[in-house]
1. Here are I89, I4, I75: which of them is out of contact with any Leu (no Cβ under 6 Å at 6 or more places or on another chain), more than 22 Å from V104 (Cβ to Cβ) and modelled with pLDDT of 95 or more?
2. Listed residues K98, K111; which is out of contact with any strand residue (DSSP E or B) (no Cβ under 8 Å at 6 or more places or on another chain) and open to solvent by 60 Å² or more (accessible area, probe 1.4 Å)?
3. Only one of (1) in contact (Cβ under 8 Å) with a residue 40 or more places away in the chain; (2) in a helix (DSSP H, G or I) fails for D82. Which number is that?
4. Residue check, V47 against (1) outside any helix (DSSP H, G or I); (2) open to solvent by 30 Å² or more (accessible area, probe 1.4 Å); (3) of a type in the set (V, I, T), all met but one. Which one?
5. Restricting the search to region 63-81, which residues are under 15 Å from V26 (Cβ atoms) and open to solvent by 50 Å² or more (accessible area, probe 1.4 Å)?
6. Does region 17-46 hold any residues that are without any contact (Cβ under 8 Å) to a residue 24 or more places away in the chain and over 20 Å from G63 (Cβ atoms), and which are they?
7. Looking at region 11-29 only, could you name the residues that are open to solvent by less than 50 Å² (accessible area, probe 1.4 Å), within 14 Å of the chain's Cα centre (by Cα) and either of a type in the set (D, E, K, R) or within 15 Å of S65 (Cα to Cα) (or both)?
8. With respect to the numbered conditions (1) among the polar types (S, T, N, Q); (2) more than 17 Å from T74 (Cα to Cα); (3) open to solvent by less than 20 Å² (accessible area, probe 1.4 Å), which one is the sole condition not fulfilled by Q32?
Amino acid sequence: MIEIIATQNAPQAIGPYSQAVKFGNVIYTSGQIGLTPQGELVGDIQVQTRQVLENLSAVLKAGGSRLNQVVKTTIFLSNMEDFATVNAIYAEFFGEHKPARSTVGVKELPKGALVEIECIALQ
């Protein structure tokens, strides 16, 4: 059975999808962009990356998980020149935990965001 995960501590979905779903003990998050829980897109690539990771943390917490239980992430960047900046902030949040990861350069992200990250985590 699929369980919908939702929290007020991350931005609400801006389309017909859930913040995350849980199947068994696996949580699949939707991509998070640099929106505050109130729906405001924040600052530059550094500020957006931190907000994205805070949002992912909040969604995972609502599902009974944490960043150190993430097994896979996918990062979408509207400018690959931001890779090193995003990578450094990502490393701060994940510490010694190093999930599998893909990073993809894209033409455009929703709301003009600079970065989007989704993940798969264990509960």
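The values are calculated or read from the model by the stated rules, or taken from the named source; none is laboratory data. What you see is a predicted model; the values in this text were computed from it and never measured. So basically every Cβ, Gly included, is an ideal-geometry build from the backbone, and we count neighbours across all protein chains shown. Just so you know, the surface numbers come from the protein's heavy atoms only, side chains and all, with ligands and any DNA or RNA stripped out. Shrake-Rupley method; radii C 1.70, N 1.55, O 1.52, S 1.80 Å.
1. After applying the criteria, what remains is I4.
2. Sole residue among the options that is out of contact with any strand residue (DSSP E or B) (no Cβ under 8 Å at 6 or more places or on another chain) and open to solvent by 60 Å² or more (accessible area, probe 1.4 Å): K98.
3. Tallying (1) in contact (Cβ under 8 Å) with a residue 40 or more places away in the chain; (2) in a helix (DSSP H, G or I), D82 fails exactly one: (1).
4. For V47, the exception is condition (1).
5. Result: R66, Q69, V71, K72.
6. Within region 17-46, E40, V42, G43 meet the criteria.
7. Correct list: Q19, A20, V21, I27, T29.
8. For Q32, the exception is condition (2).
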